[in-house]
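Contents: one structure, followed by commentary.
The values are calculated or read from the model by the stated rules, or taken from the named source; none is laboratory data. Just so you know, these numbers come straight off a predicted model, no measurement behind them. Note that we place each Cβ from the backbone using ideal geometry, even for glycine, and neighbour counts take in every protein chain shown. Surface areas here come from the heavy atoms of the whole protein model, side chains and all, with no ligands, DNA or RNA. Shrake-Rupley method; radii C 1.70, N 1.55, O 1.52, S 1.80 Å.
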Amino acid sequence: MRESISLVEETRRERVGRSFPFMSMEERRRILEEWHPDYKPGTKRPLMIGPSRGMIVPHEVADILEAHPLIDPDEIDVTDLEYDVDVLVIGAGGAGLSAALTAQESGIDREGILMVQKLRLGDSNSKMSQGGIQAAVGPDDSPALHFLDIMGGGLFANKPELVEILAKEGPDVIRWHESLGVIYDKNPDGTMKLISGGGTCRNRMHTCKDYTGLEIIRVLLDEFLNREIPYLEFTCAVELLTDDKGEVVGAVLWDMDSDEYRVVRAKSTILATGGFGRLHIQGFETTNHYGATGDGIVLAYHVGAVLRDLDATQYHPTGAAYPEQLVGQLCTEALRGRGAQPVNRLGELFVHPLETRDAESAAIIRECYGRDLGVTTPTGMRGVWLDTPLIDILHGPGTIEREFHAMYRMFGRFNIDIRKEPILVFPTLHYMNGGVEINPMAETSIPGLFAAGEVCGGVHGKNRLMGNSQLDLYVFGRRAGRYAAERARKVQAGRPTLNHVERYERWLEEAGIKTSRKAPLLLPEYRGKKTLEHIIKLL
Ligand SMILES: Cc1cc2nc3c(=O)[nH]c(=O)nc-3n(C[C@H](O)[C@H](O)[C@H](O)COP(=O)(O)OP(=O)(O)OC[C@H]3O[C@@H](n4cnc5c(N)ncnc54)[C@H](O)[C@@H]3O)c2cc1C
């Protein structure tokens, strides 16, 4: 590895200010087909049951959707209500928090809201987000340009009506954050500092150094706690409840501390459970937090909600590949936005640093496994270099420490000084592009069930661009809160049943699916030899 670092150092000066050309549409199509994990034959299968039957999904996703529900309806008396609320929010990341706050602002008494979270309050992908949040506020920018970037990035598979809302409401989300106390990075003249991200035509990324998610969640959590909205920690939603019309009327919770079930009836239920990184699709490492096991798509599918775009998974191009303790952790895209270049073992450029994530990932995989120009670590991981010292060369000494303090500290703990040395990176499982289909009111196809954030599909099509998920959480989280509150003011909650669980068992039986698997998973399984190896089934 040292020898290769010397080559990177030797070529660095000559690379300053130089770039690799962007791919043409044809090159992009070819590299995706040949090298992106989504295109690998034999890694997916069509769903055999439910309203999205026939949709092609990774085996790992089909496995949890074609599993038995966790609970047996005969063992739980769902008429024995422990909570009876207007709005139940499942998940306490950015989407859940903004939904709960907005439900209260929309006239629901705080006692009429309950938020449940399977880990500690704040444990979420939202808090780990680093690079930033997009919104078209610059003088040369507009929601129309933002719209076009999102659609192009998503391979035009997005629902345009959702994208329009996302782009138009972006600036308002930033104003809302600032009004609550989020401190965004500013230029010396007080204007918003905006940086670039992959696949965008304008600089529109708002940052709080590389702690953006931490800062936003710090502020939202403070607000949530100050308003004294009730919540439960270490409590998982294990099944939704439906009434005799098939509408969602709450959930069955499992208290992990006391090992007891709790029944919540709700007039509106909001799913904000995030993504599925911990399914480790095709053996990839992940950036995601421990609770990202795709529970929301399972819960929604059990009640018959339509899913979409789950054939497309996002691999972030730059996960750490060394040292071993950091493997899979995110190296924010903003590093490339500020000038860090991906280079191969010989110190050569091989891809533009700001291609869309799918194309950038495919190029790195090809460099390592197709052209054999990657670097192999002592534990057998392969990767390419991300030449971070360029950032200080381009923008002046101190830039890395000032703008990428989280990255600087993360690698510094292992005596790697990213101001002086490149870091080794390889794609890592990052984001669930698809999920539960919603409409502009954040309603799913089942009345009473709303969804927001990463659990949803439709906003980002087949490939999310950087910074747009953070925006999505707050645009659709707030919409979910508002429209869930509106519904709660109008309806009476029906009598809770688990009829849909019995129907799901019938679907499994009719499709001839024989399995001992149960879902939602709730927590990932990390026992056994298989999980101790870096098995990348891609290759
Ligand atoms: C390391 C990292 C960096 C990122 N950086 C960026 C970035 O810079 N810009 C950007 O736009 N996006 C970024 N993303 C993506 C973005 O942060 C996530 O997509 C987003 O935060 C998801 O928010 P969410 O509220 O939908 O889910 P989460 O924030 O993951 O919250 C889901 C919550 O639901 C809870 N939950 C799950 N299942 C259950 C259950 N059964 N019962 C009860 N609770 C449950 C979880 O514990 C969690 O608290 C990043 C992601 C990661 C992992």
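For segment 313-386, give the magnitude of the charge dipole about the Cα centre (Cβ charges: +1 Lys/Arg, -1 Asp/Glu; no others), in debye to the nearest 20.
60
Per residue Cα convex hull volume for segment 206-263, in cubic angstrom? Don't skip to the end; give the middle numbers.
Details: hull volume 8.9 nm³, N = 58.
Cα convex hull per residue, to the nearest whole number: 153 Å³.
Please list the equivalent ellipsoid semi-axes of segment 1-119, computed as the square roots of five times the alpha-carbon gyration tensor eigenvalues, in descending order and whole angstrom.
47, 27, 16
How large a share of the accessible area of segment 1-100, in percent, is made up of carbon and sulfur atoms when the probe is 1.4 Å and the other protein chains stay in place? If you can, show how the numbers build up before the last one.
Values: 2550 of 5020 Å².
Percent of accessible area from carbon and sulfur atoms in segment 1-100: 51.
May I ask which residue of H206, V89, L473 lies farthest towards the positive end of the charge dipole of the chain, with charges of +1 (Lys, Arg) and -1 (Asp, Glu) on Cβ and the Cα centre as origin?
Value: H206.
Measure off, as a whole percent, the carbon and sulfur share of the 1.4 Å-probe accessible area of segment 131-170, all protein chains present.
Solvent-exposed carbon and sulfur of segment 131-170 make up 67 percent of the total.
For segment 180-221, which whole percent of the accessible surface, found with a 1.4 angstrom probe, sits on carbon and sulfur atoms?
Of the solvent-accessible surface of segment 180-221, carbon and sulfur hold 57 percent.
Quick check on packing: order 41-51, 91-101 by the mean number of other C-beta atoms within 10 Å, highest mean leading. Each step should come with its number before you reach the end.
Values: 41-51: 15.1, 91-101: 31.5.
In decreasing order of mean packing, 41-51, 91-101 become 91-101, 41-51.
Report the local net charge at M192: Lys and Arg +1, Asp and Glu -1, summed over other residues whose C-beta lies under 10 Å from its C-beta.
On the way: positive: K186, K193, R204; negative: E178, D185.
My count for the surroundings of M192 gives +1.
What whole-number value in cubic angstrom gives the convex hull volume per residue for the C-alpha atoms of the chain? Provide the component values of the computation, followed by the final result.
Numbers: hull volume 76.7 nm³, N = 539.
Spelled out: Cα convex hull of the chain, divided by residues, is 142 Å³.
At what distance in angstrom do the alpha carbon centres of segment 171-215 and segment 374-441 lie from each other?
When both Cα centres are located, 20 Å separates them.
Just in segment 295-378: which trypsin sites (Lys or Arg not before Pro) are loop by DSSP and have at most 14 other Cβ atoms within 10 Å?
Those that pass, being in a loop and sparsely packed, are R371.
Please state, as a whole number in µm²/s, the translational diffusion coefficient that the Stokes-Einstein equation yields for segment 77-138 at 4 °C and 1.567 mPa s, with Rh defined as the Kirkwood radius across alpha carbon pairs.
95
With θ set to phi - 60° and the Karplus curve 6.51 cos²θ - 1.76 cosθ + 1.60, what are the ³J(HN,Hα) couplings of segment 245-258 in order, to the nearest whole Hz, using x for Gly and Pro?
For segment 245-258, the Karplus curve yields 8, x, 7, 7, 10, x, 7, 9, 10, 10, 7, 6, 6, 9 Hz.
Using θ = phi - 60° and the Karplus relation 6.51 cos²θ - 1.76 cosθ + 1.60, list the HN-Hα couplings for segment 516-525 in order, rounded to whole Hz, with x at every Gly or Pro.
Values per residue, Gly and Pro as x: 9, 5, 10, 8, x, 6, 6, 9, x, 9 Hz.
Under 15 Å from the Cβ of S258, count the other residues' Cβ atoms, weight Lys and Arg +1, Asp and Glu -1, and hand me the total.
That sum, taken over residues with Cβ under 15 Å, equals -4.
Can you pull a Stokes-Einstein diffusion coefficient for segment 346-413 at 37 °C (0.692 mPa s), Rh from Kirkwood over Cα pairs, as a whole number of µm²/s? Before the final figure, lay out each step's value.
On the way: Rh = 13.8 Å.
Translational diffusion coefficient: 238 µm²/s.
Between L386, T444, Y184, whose Cα lies farthest towards the positive end of the dipole of the chain when Lys and Arg beta carbons carry +1 and Asp and Glu beta carbons carry -1, centred on the Cα centre?
L386
Give me the accessible area per residue for the chain, probe 1.4 Å, as a whole number in Å².
About 38 Å² of surface per residue is accessible.
Given an 8 Å cut-off on Cα distances and at least 6 residues of separation, report the relative contact order of the chain as a percent.
Working: 1282 pairs, mean separation 141.1, N = 539.
Taking the mean separation of contacting Cα pairs over the length of the chain, I get 26 percent.
For W385, W35, give me the order by solvent-accessible area with a 1.4 Å probe, most accessible first, ignoring ligands, DNA and RNA.
These residues rank, largest area first, as W35, W385.
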